[in-house]
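A.B. asks: Have a look at this one before I ask anything.
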Amino acid sequence: MGRANDEAAAALQEYAELFALNGGDAFRVRSYQRAAKSIAGFPEDLTRETLRSIPGVGEAIAKKIEEFLERGSFRQLDDLRGRVPEGVRALTRIPSLGPKKALFLFQELGIDSPAALAEAIRAGRLNGLRGFGAKTEENLLKGIEHMERSGDRVHLGIATDLAERVIASLPADRIAFAGSLRRMSETIGDIDILAVGDPALMELFARQPYVTEVIAKGERKTSVRTDRGLQVDLRLIPAESWGAAMVYFTGSKEHNVRIREMAVKKGWKLSEYGLFDGDRLIASETEEEIYQALGMRWVPPALREDGGEVDAALRGELPRLVELHDLRGDLHTHTDLTDGIASLEDMAAAAAMRGYSYYAVTDHAPDLVMQRMTLDKALAQRARIAELQKSYPDMRLLHGSELNIAPDGSVDWPAEVLAGFDVCVASVHSHFTQSREEMTRRFIAACENPHVHVIGHPTTRKIGKRPPVDADWEAVFRAAARTGTIMEIDSYPDRADLPSDLVRLARHHGVKFSIDSDSHAIPHLAHQRFGVGIAQRAWLTPDDVVNTWPLDRLLAHLGRA
DNA sequence: GCCGTTTTCGGCCCGACTGTTTTCAGTCG
């Protein structure tokens, strides 16, 4: 997937933010943002030739991107970077603090980072400042604390991109990532990469363009900081101990402790170099051999958290986990009729390329006013889908909608309209701070609506940005199980919602799940792999996930058979 | 800055909410 696209989009997005911070025209800001979104979602690699065919990219932006492709930046971006400290841009990532207030704080008080702002608030330096009352100060502090709690960890999407970039840059005999990324943890603090190959790989690694700082460099291990802020460790592994090293560096620490204890009980020793009986090597080349020698089945990385997987593996009772190739479709996607950037036709074609048996288009409903959805538009889309269906004999197109769950739990089309959709995903998009009781009632009301099939991105969190809403999830899941309402695993990597611990809880109550991409562009369709990671960490089998089911069974469940 | 069966200028997704004000600016989705 086009890394150049993502980097160019990130640069343009940064330019938009800096431009806004300098009091730039709001329409131009929006132009840059729109172009950044289009470029990130453009399915082909960026080139000088394809650039102008991207919607939202005109002459001026094309010139900037051309310069970026040549030298990794463009003149206007360099200018603005020189004028506004990076920390001021970080200020705008605090919820409820936008460019106007950020610039004001910088100019009036010289505040140039979230930490400096927190300090200024605590020192009372904002007292009497126009537009900053007690409540605002409180909200800002809360926002900064939430940001600090999430620390330097990044979501799976960013970490996966970086790991794949590192792997592609190194000509090793064998190379793979281990650690929390391999276990598909929801956030990643650093990346562990194991390689077999020439010692010169270390030097080559340290000189890569994504490396901003070399923290440590030795014969076996090199640690660097990268342009995404993330630390990456590269370890050179002897070919014969690949399996042992993968077990050791994949972790988790708790899982390793358990299996090392098992080795000790047999009078053996398990290390990153192998499983040994005294000096005699028992197993080291593959993970399978090591687990087998310990009397257990190979444990999928997503389960290696000492959450019962060791005992299950010893008994030969590990679940048959859901895998990406089990998925037969996607039940939550958007088009450019609302906030997607690709047309219905292009999204359907891309879905067919992925070999789906069914594909639901679920654009937003009228409550999200900015999307300008109307009944006429929805019905026109339905007619186009029926027409388009003729081109896809092997893939059923489903016409759906992503409804908005209002504070009282109602949704935004009348029942007779809802009845016309094949699938209704209902999600919370506002009023995140309702009390636990209100929020619980809200979700239960949505589950009890007979036209609501799926609850979309249930906790509505955004990793590193917005905390999850507060609800009595047990009560919500009981209602979902009772009404047959599906809980979504939204695969979009900054959402990762439901998180795996809640998936596990919901499954305990008998809930079924849908692993959806929530795509707003063609490349997003591939995000489902992250949702599969969440599902695996929650021990889900294909039967737990409705979009592994054959079309007939799914339609019966949706009441559309 | 972009874009055009309203077009090459003059629009540009629009309304709600919050906290601050005392009629509104800023932020968000």
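The values are calculated or read from the model by the stated rules, or taken from the named source; none is laboratory data. Quantities reported herein were computed from a predicted structural model and do not represent experimental measurements. Positions of Cβ are generated from backbone atoms using ideal geometry, with glycine treated the same way; all protein chains shown enter the neighbour counts. We work out accessible area using only protein heavy atoms, side chains counted, and drop any ligands, DNA or RNA first. Shrake-Rupley method; radii C 1.70, N 1.55, O 1.52, S 1.80 Å.
A.B. asks: Can you pull out every residue in the stretch A:503-527 that is touching a strand residue (DSSP E or B) at 6+ places or on another chain (Cβ under 6 Å) and open to solvent by less than 30 Å² (accessible area, probe 1.4 Å)? Walk me through it before giving the result.
C.D. replies: Let us first name the residues in the stretch A:503-527 that are touching a strand residue (DSSP E or B) at 6+ places or on another chain (Cβ under 6 Å), namely A:506, A:511-519, A:525.
Hits for the stretch A:503-527 are A:Ala506, A:Val511, A:Phe513, A:Ser514, A:Ile515, A:Asp516, A:Ser517, A:Asp518, A:Ser519, A:Leu525.
A.B. asks: Residue by residue through the stretch A:445-455, note down the ones that are open to solvent by less than 40 Å² (accessible area, probe 1.4 Å) and in a helix (DSSP H, G or I). Give the steps one after another, and end with the answer.
C.D. replies: Of the residues in the stretch A:445-455, the ones open to solvent by less than 40 Å² (accessible area, probe 1.4 Å) are A:445-447, A:449, A:452-455.
Those that are open to solvent by less than 40 Å² (accessible area, probe 1.4 Å) and in a helix (DSSP H, G or I): A:Ala445, A:Ala446, A:Cys447.
A.B. asks: Then there is this: Let me confirm something: among A:Asp173, A:Asp192, which residue is within 18 Å of A:Tyr210 (Cα to Cα) and more than 12 Å from DNA strand B (Cβ to nearest atom)? Quick ask: steps written out before the conclusion?
C.D. replies: Values: A:Asp173 fails: within 18 Å of A:Tyr210 (Cα to Cα).
None of the others qualify; the one that does is A:Asp192.
A.B. asks: Going by what's in this entry, would A:Ser96 be described as part of a loop (DSSP other than H, G, I, E, B), within 30 Å of A:Leu117 (Cβ to Cβ) and away from DNA strand B (no atom under 12 Å from the Cβ)? Steps first, answer last, please.
C.D. replies: Numbers: part of a loop (DSSP other than H, G, I, E, B): yes; within 30 Å of A:Leu117 (Cβ to Cβ): yes; away from DNA strand B (no atom under 12 Å from the Cβ): no.
Answer is no for this residue.
A.B. asks: What number of residues within the stretch A:216-230 are of a type in the set (A, V, I, L, M, F, W, C), part of a strand (DSSP E or B) and surrounded by 13 or more Cβ atoms within 10 Å (Cβ to Cβ)?
C.D. replies: Taking the stretch A:216-230 first, the residues of a type in the set (A, V, I, L, M, F, W, C) are A:216, A:224, A:230.
Adding the requirement that they be part of a strand (DSSP E or B) leaves A:216, A:224.
Within this subset, residues satisfying the condition of being surrounded by 13 or more Cβ atoms within 10 Å (Cβ to Cβ) are A:224.
Result for the stretch A:216-230: 1.
A.B. asks: Search the stretch A:14-40 for residues that are more than 16 Å from A:Ile65 (Cα to Cα) and more than 8 Å from DNA strand B (Cβ to nearest atom) and pair each with any residue that is among the charged types (D, E, K, R) and open to solvent by less than 10 Å² (accessible area, probe 1.4 Å) when their beta-carbon atoms are under 7 Å apart and the residues are at least 6 apart or on different chains.
C.D. replies: Here the result reads none, with nothing in the stretch A:14-40 linked to a residue that is among the charged types (D, E, K, R) and open to solvent by less than 10 Å² (accessible area, probe 1.4 Å).
A.B. asks: Kindly indicate the residue of the stretch A:371-397 that is outside any helix (DSSP H, G or I) and among the hydrophobic types (A, V, I, L, M, F, W, C) and also nearest to A:His557 (Cα to Cα) among those meeting that condition. Talk me through it step by step, then tell me what you get.
C.D. replies: First, the residues of the stretch A:371-397 that are outside any helix (DSSP H, G or I): A:372-374, A:390-397.
Within this subset, residues satisfying the condition of being among the hydrophobic types (A, V, I, L, M, F, W, C) are A:373, A:395, A:397.
On the way: A:Met373: 27, A:Met395: 18, A:Leu397: 16 Å.
Ranking the candidates gives A:Leu397 first.
A.B. asks: Could you give me the residue pairs with C-beta distances under 6 Å whose first residue belongs to the stretch A:220-249 and is closer than 20 Å to A:Pro171 by Cα, whose second residue is of a type in the set (Phe, Trp, Tyr) wherever it lies, and which are 6+ apart or on separate chains?
C.D. replies: From residues that are closer than 20 Å to A:Pro171 by Cα, the pairs are A:Thr222/A:Phe205; A:Thr226/A:Tyr210; A:Leu234/A:Phe205; A:Ser241/A:Tyr273.
A.B. asks: Oh, and also: In the stretch A:456-487, what residues are more than 16 Å from DNA strand B (Cβ to nearest atom), outside any helix (DSSP H, G or I) and open to solvent by less than 20 Å² (accessible area, probe 1.4 Å)?
C.D. replies: Of the residues in the stretch A:456-487, the ones more than 16 Å from DNA strand B (Cβ to nearest atom) are A:471-487.
Next, only the ones that are outside any helix (DSSP H, G or I) stay: A:471-472, A:484-487.
Matches in the stretch A:456-487: A:Ala471, A:Thr485, A:Ile486, A:Met487.
A.B. asks: Of the residues in the stretch A:352-375, how many are within 12 Å of A:Gly329 (Cβ to Cβ) and within 12 Å of DNA strand B (Cβ to nearest atom)?
C.D. replies: 0
A.B. asks: Can you tell me which of A:Glu261, A:Glu289 is outside any loop (DSSP other than H, G, I, E, B) and either open to solvent by less than 10 Å² (accessible area, probe 1.4 Å) or at pLDDT below 90 (or both)? Let's see the steps before the verdict.
C.D. replies: Working: A:Glu289 fails: either open to solvent by less than 10 Å² (accessible area, probe 1.4 Å) or at pLDDT below 90 (or both).
One residue alone meets the criteria, A:Glu261.
A.B. asks: Of the residues A:Leu204, A:Leu181, which is more than 23 Å from A:Leu324 (Cα to Cα) and surrounded by 15 or more Cβ atoms within 10 Å (Cβ to Cβ)? Talk me through it step by step, then tell me what you get.
C.D. replies: On the way: A:Leu181 fails: more than 23 Å from A:Leu324 (Cα to Cα).
Exactly one residue qualifies, and that residue is A:Leu204.
A.B. asks: Any chance you could count how many residues in the stretch A:18-47 are buried (at least 22 other Cβ atoms within 10 Å of the Cβ) and either on the phi > 0 side of the Ramachandran plot or more than 20 Å from the chain's Cα centre (by Cα) (or both)?
C.D. replies: Qualifying residue count for the region: 7.
A.B. asks: Right, another one. In the stretch A:488-502, how many are open to solvent by 40 Å² or more (accessible area, probe 1.4 Å) and of a type in the set (Ser, Thr, Tyr)?
C.D. replies: Going through the stretch A:488-502 one residue at a time, the tally reaches 1.
A.B. asks: Taking only the stretch A:308-327 into account, find how many residues are assigned to a loop (DSSP other than H, G, I, E, B), surrounded by fewer than 20 Cβ atoms within 10 Å (Cβ to Cβ) and touching a residue at least 60 places away in the same chain (Cβ under 8 Å).
C.D. replies: Residues that pass the stated criteria total 4.
A.B. asks: Same structure, new question: Just to be sure I understand the filter: pairs with C-beta atoms under 8 Å, separated by 6 or more residues or on different chains, first member in the stretch A:130-149 and in a helix (DSSP H, G or I), second member modelled with pLDDT of 85 or more and near DNA strand B (Cβ under 6 Å from one of its atoms). Which pairs pass?
C.D. replies: A:Leu140/A:Leu97; A:Gly143/A:Leu97
A.B. asks: Would you tally the residues in the stretch A:59-78 being hydrophobic (A, V, I, L, M, F, W, C) and either under 18 Å from A:Gly24 (Cβ atoms) or not in a helix (DSSP H, G or I) (or both)? Don't jump to the end; show me each part of the working.
C.D. replies: Let us first name the residues in the stretch A:59-78 that are hydrophobic (A, V, I, L, M, F, W, C), namely A:60-62, A:65, A:68-69, A:74, A:77.
Checking the rest, the ones that are also either under 18 Å from A:Gly24 (Cβ atoms) or not in a helix (DSSP H, G or I) (or both) come to A:60-61, A:74, A:77.
So the count comes out to 4.
A.B. asks: Report whether or not A:Trp268 is of a type in the set (Phe, Trp, Tyr) and either under 30 Å from the mean Cα position of the chain (by Cα) or at pLDDT below 90 (or both).
C.D. replies: Numbers: of a type in the set (Phe, Trp, Tyr): yes; either under 30 Å from the mean Cα position of the chain (by Cα) or at pLDDT below 90 (or both): no.
No.
A.B. asks: Report every pair of residues separated by at least 6 positions or lying on different chains whose Cβ atoms are under 9 Å apart, first residue within the stretch A:335-357 and without any contact (Cβ under 8 Å) to a residue 12 or more places away in the chain, second among the acidic types (Asp, Glu) and assigned to a helix (DSSP H, G or I).
C.D. replies: Pairs found: A:Asp336/A:Asp346.
A.B. asks: State whether the residues of the stretch A:100-108 include one that is among the polar types (S, T, N, Q), without any contact (Cβ under 8 Å) to a residue 24 or more places away in the chain and loosely packed, with under 15 Cβ neighbours inside 10 Å. Write out each step before concluding.
C.D. replies: Our first condition is that a residue be among the polar types (S, T, N, Q); within the stretch A:100-108, this holds for A:107.
After this cut, where a residue has to be without any contact (Cβ under 8 Å) to a residue 24 or more places away in the chain as well, the list is A:107.
Filter again for loosely packed, with under 15 Cβ neighbours inside 10 Å, leaving A:107.
The answer is yes, given that some residue of the stretch A:100-108 is among the polar types (S, T, N, Q), without any contact (Cβ under 8 Å) to a residue 24 or more places away in the chain and loosely packed, with under 15 Cβ neighbours inside 10 Å.
A.B. asks: Can we say A:Arg81 is open to solvent by less than 70 Å² (accessible area, probe 1.4 Å), in a helix (DSSP H, G or I), among the charged types (D, E, K, R) and more than 9 Å from DNA strand B (Cβ to nearest atom)?
C.D. replies: Answer is no for this residue.
A.B. asks: Looking at the structure I just gave you, is A:Ile61 surrounded by 13 or more Cβ atoms within 10 Å (Cβ to Cβ), more than 25 Å from A:Leu21 (Cα to Cα) and within 9 Å of DNA strand B (Cβ to nearest atom)?
C.D. replies: The answer is no for A:Ile61.
A.B. asks: I'm trying to understand the selection: among the residues of the stretch A:110-120, which are open to solvent by 10 Å² or more (accessible area, probe 1.4 Å), in contact with a helix residue (DSSP H, G or I) (Cβ under 6 Å, 6 or more places away or on another chain) and either within 15 Å of DNA strand B (Cβ to nearest atom) or part of a helix (DSSP H, G or I) (or both)?
C.D. replies: To start, the set of residues in the stretch A:110-120 that are open to solvent by 10 Å² or more (accessible area, probe 1.4 Å) comprises A:110, A:112-116, A:119.
From what is left, the residues that are in contact with a helix residue (DSSP H, G or I) (Cβ under 6 Å, 6 or more places away or on another chain) are A:112-114.
Passing the criteria: only A:Pro114.
A.B. asks: Now, a different point. Condition first: in a loop (DSSP other than H, G, I, E, B), crowded, with 21+ Cβ neighbours inside 10 Å and assigned by TED's automatic domain parsing to the domain that holds A:Leu554. Can you find one or more residues in the stretch A:398-406 that meet it?
C.D. replies: Pass one, the stretch A:398-406, residues in a loop (DSSP other than H, G, I, E, B): A:405-406.
Imposing the further condition that a residue be crowded, with 21+ Cβ neighbours inside 10 Å reduces the set to A:405.
Okay, now just the ones that are also assigned by TED's automatic domain parsing to the domain that holds A:Leu554, so A:405.
Yes, the conditions are met somewhere in the stretch A:398-406.
A.B. asks: Quick one: in the stretch A:334-369, of everything that is in a loop (DSSP other than H, G, I, E, B) and of a type in the set (S, T, N, Q), which residue is least open to solvent (accessible area, probe 1.4 Å)? So that I can check it myself, show each step before the final result.
C.D. replies: Residues of the stretch A:334-369 that are in a loop (DSSP other than H, G, I, E, B), as a first pass: A:334-343, A:354-357, A:365-368.
With the extra rule that they be of a type in the set (S, T, N, Q), the set shrinks to A:335, A:338, A:343, A:357.
On the way: A:Thr335: 2, A:Thr338: 19, A:Ser343: 29, A:Ser357: 40 Å².
Restricting to residues being in a loop (DSSP other than H, G, I, E, B) and of a type in the set (S, T, N, Q), the top hit is A:Thr335.
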